[in-house]
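Report on one structure; see the data block that follows.
The values are calculated or read from the model by the stated rules, or taken from the named source; none is laboratory data. Since the structure is predicted, the reported quantities are computational estimates derived from the model, not experimental observations. Counting neighbours? That spans all protein chains shown, and the Cβs are built from the backbone with ideal geometry, glycine included.
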């Protein structure tokens, strides 16, 4: 980490250090650009935070948080309206994601809600302010989008097509696969293109049973496509290959960094080029404009500790602060919004509907190591591909898992007590299979965030106000998720033991997307196909806010592929002095 | 698994302090007896008592700053000490007691290794 040179005009200033900002730093520095990376949060000693292999009984609270810390419950998100925590509350208040027996390992990664308020409609907004952002805690499912997603409007008439097709992005997905490593199995599905996979995890007995049963229905159960290097990466000295150690489901990252995170995957290698200056604790509150040229001149930020204000200059400004924070920054700066679409077309994934089943003949079998895998299985979308569903458009996929885990999944749900209870938990613990759906939320113009001038965060920066609800398409889709899951378990002769039908609070999937969408038409979109502002030529927004629709696939890999493509373009233009 | 996460939040609070000063000797005796009744020693592995479940629960309650929770446990233990567990399965305190017992037991050394014979959290060269 070097000091900022305030007299210098950097080639690019990048705001945010997660999947998007980290990738921008990597690509730009690899082209020899002088890059300044600003991160609002701390640079932590992440190894000390993670302690991936610490046994629960070696932690004073078995991984739970100390008194004076608490997580928001589903009930609070439902019954109350944001802001969910008052600034003077006695406890540290975290989003729901802290509600877990690994919570104490992530308490410095995730934000204290008291310092980061927002208002409006109910929304479970999960934020990580630290180097690497949410990549430190992500679920690691790494999927590609296809032309079923990019050209969805052409198929069903809703929203807009993306200004790119799969062929444009495919080479960049390949680059991301090779640079970061991804584990999975080829399936040749047109709607879920394969990656350049490293070794897949093995499906276990119950998962294989589901896979076989679904083949005749034309559906696929494939090993979890994980952003985890299973064979290792010769070019990255900060990351080890996966050793299948287990307890992967504990929230918090991977201490050997087999699982991708932005610091070890992207930022540390970028620093090794000598072209990167990193400044954590830098809360950017405005993109500065040069009114004479109509170009951005740099950004203003506050030091998060001293509250002192600084201004830095750059030839290009690259925002990767997250879908909602980048939109907030554009709105606060009152730029790049001639279309009036900034903050609009906000979308994500619904989640909640899930089923759990029991595979009787697996009960009592010798214990296996099943959570030594980065994930269980993925069941890709099957709706609205070849035929149209009558009740909703777009689709959903399932994430699932089966087998033994460190904490027996049935310990809380098995009735009774005493010797019979204990035996039942022991014998049946490895015989459950569960899967939950992630479905596309339609990008509607009226789904939006705006600035709430009356509500300010700890740094005095106006907060976001949400105006966002699920619509009928999402509700009808959720009903079908449950129905189809039950049908599939029945086909596999898996006895259903629990069904969740309820949609979780908006935001729960942590897949917020689309507040500064790309498009060909500058009147109805904020960015062009290279995530470049239609209005301000040297301004790029390289995170999920650029996505035109949510698809139903997890977005991280697409965020990084798009960012890589855009940064290649940025460099080419910058070298030709065309920004 | 969602149910696991949903349930664990009910087990909020945690250990760290010491049982003394919160439970009386008699209350702790009842806690010890009830948790061992919920997860007893059997031919397969030791139960809640050997796994230190009562001490863990007591320490978690001792350092909690939730006064309502503390009250509930004092009165609940007294009541359940008299009635025993049989027929109490729909009682909210029984559910809380059982959840905390299960959490403490299955995160203990005995619970993870002896009872569940958990195979993970080890380096595997080939997998």
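The condition of being in contact (Cβ under 8 Å) with a residue 40 or more places away in the chain, more than 10 Å from every other protein chain (Cβ to nearest Cβ), within 27 Å of residue B:103 (Cα to Cα) and not in a helix (DSSP H, G or I) does not hold for residue A:122. Restricting A:263, A:269 to those that are assigned to a helix (DSSP H, G or I), modelled with pLDDT of 95 or more and more than 28 Å from residue A:463 (Cβ to Cβ) reduces the list to A:269. Tell me which of these residue A:376 doesn't satisfy, since it passes every other one: (1) closer than 24 Å to residue A:146 by Cβ; (2) touching a helix residue (DSSP H, G or I) at 6+ places or on another chain (Cβ under 8 Å); (3) surrounded by fewer than 22 Cβ atoms within 10 Å (Cβ to Cβ); (4) within 14 Å of chain B (Cβ to nearest Cβ). Single failed check for residue A:376: (3). When A:381, A:367, A:423, A:388 are checked against the criterion of being more than 10 Å from chain B (Cβ to nearest Cβ) and surrounded by fewer than 22 Cβ atoms within 10 Å (Cβ to Cβ), a single residue qualifies: A:388. The residue of segment A:35-51 that is modelled with the highest pLDDT, among those that are touching a helix residue (DSSP H, G or I) at 6+ places or on another chain (Cβ under 9 Å) and surrounded by fewer than 21 Cβ atoms within 10 Å (Cβ to Cβ), is A:43.
Pick out the one residue from B:83, B:45 that is within 11 Å of chain A (Cβ to nearest Cβ) and over 15 Å from the mean Cα position of the chain (by Cα). Result of the check over B:83, B:45: B:45.
Being in contact with a helix residue (DSSP H, G or I) (Cβ under 6 Å, 6 or more places away or on another chain), surrounded by fewer than 23 Cβ atoms within 10 Å (Cβ to Cβ) and modelled with pLDDT of 95 or more, is that true of even one residue in segment A:181-193? Within segment A:181-193 (the criterion being in contact with a helix residue (DSSP H, G or I) (Cβ under 6 Å, 6 or more places away or on another chain), surrounded by fewer than 23 Cβ atoms within 10 Å (Cβ to Cβ) and modelled with pLDDT of 95 or more), the answer is yes, since at least one residue qualifies. Residues in segment A:491-523 that are farther than 30 Å from residue A:82 by Cα and in a loop (DSSP other than H, G, I, E, B): A:492, A:493, A:494, A:519, A:520, A:521, A:522, A:523. Of the residues making up segment B:93-127, those that are more than 7 Å from every other protein chain (Cβ to nearest Cβ) and within 15 Å of the chain's Cα centre (by Cα) are B:93, B:94, B:95, B:96, B:97, B:100, B:101, B:103, B:104, B:105, B:110, B:111. Every listed requirement among (1) assigned to a loop (DSSP other than H, G, I, E, B); (2) more than 30 Å from residue B:105 (Cβ to Cβ) is met by residue A:353 save one, (1). Of all residues in segment A:537-579, those being closer than 15 Å to residue A:13 by Cα, assigned to a loop (DSSP other than H, G, I, E, B) and at pLDDT 95 or above number 4.
Which of the residues spanning segment A:141-158 are assigned to a loop (DSSP other than H, G, I, E, B) and in contact with a helix residue (DSSP H, G or I) (Cβ under 8 Å, 6 or more places away or on another chain)? Within segment A:141-158, A:142, A:143, A:144, A:145, A:146, A:158 meet the criteria. If you go through segment A:88-103 and keep only what is touching a helix residue (DSSP H, G or I) at 6+ places or on another chain (Cβ under 8 Å), more than 7 Å from chain B (Cβ to nearest Cβ) and surrounded by 15 or more Cβ atoms within 10 Å (Cβ to Cβ), you end up with A:92, A:93, A:94, A:95, A:96.
Here's the yes/no breakdown for (1) under 24 Å from residue A:114 (Cα atoms); (2) exposed (fewer than 15 other Cβ atoms within 10 Å of the Cβ); (3) within 14 Å of chain B (Cβ to nearest Cβ); (4) touching a residue at least 12 places away in the same chain (Cβ under 8 Å):
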| position | (1), (2), (3), (4) |
| --- | --- |
| A:455 | yes, no, no, yes |
| A:477 | no, no, no, yes |
| A:501 | no, yes, yes, yes |
| A:507 | yes, no, no, yes |
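How many residues are at positive phi and either at pLDDT below 95 or surrounded by fewer than 18 Cβ atoms within 10 Å (Cβ to Cβ) (or both) if we restrict to segment A:141-177? Residues meeting the conditions: 1. For first residues located in segment A:39-67 and at the interface with chain B (Cβ under 9 Å from one of its Cβ atoms) and in a helix (DSSP H, G or I), partners that are crowded, with 17+ Cβ neighbours inside 10 Å and modelled with pLDDT of 90 or more and lie 6+ apart or on another chain with Cβ distances below 7 Å form the pairs A:56/A:62; A:56/A:63; A:56/B:107; A:57/B:107; A:57/B:108. You will find that of A:435, A:406, A:412, the residue that is in a strand (DSSP E or B), within 14 Å of another protein chain (Cβ to nearest Cβ) and in contact with a helix residue (DSSP H, G or I) (Cβ under 7 Å, 6 or more places away or on another chain) is A:435 and no other. Looking across segment A:223-251, the residues that are crowded, with 22+ Cβ neighbours inside 10 Å and away from chain B (no Cβ under 12 Å) come down to A:223, A:224, A:225, A:226, A:227, A:228, A:229, A:239. Residues in segment A:69-87 that are surrounded by 21 or more Cβ atoms within 10 Å (Cβ to Cβ) and part of a strand (DSSP E or B): A:70, A:71. Before we move on, is residue A:81 within 10 Å of chain B (Cβ to nearest Cβ) and touching a residue at least 12 places away in the same chain (Cβ under 8 Å)? Taking the combined requirement at face value, the residue does not satisfy it. For segment A:203-218, the criterion of being in a helix (DSSP H, G or I), surrounded by 21 or more Cβ atoms within 10 Å (Cβ to Cβ) and either within 14 Å of chain B (Cβ to nearest Cβ) or without any contact (Cβ under 8 Å) to a residue 60 or more places away in the chain (or both) is met by at least one residue.
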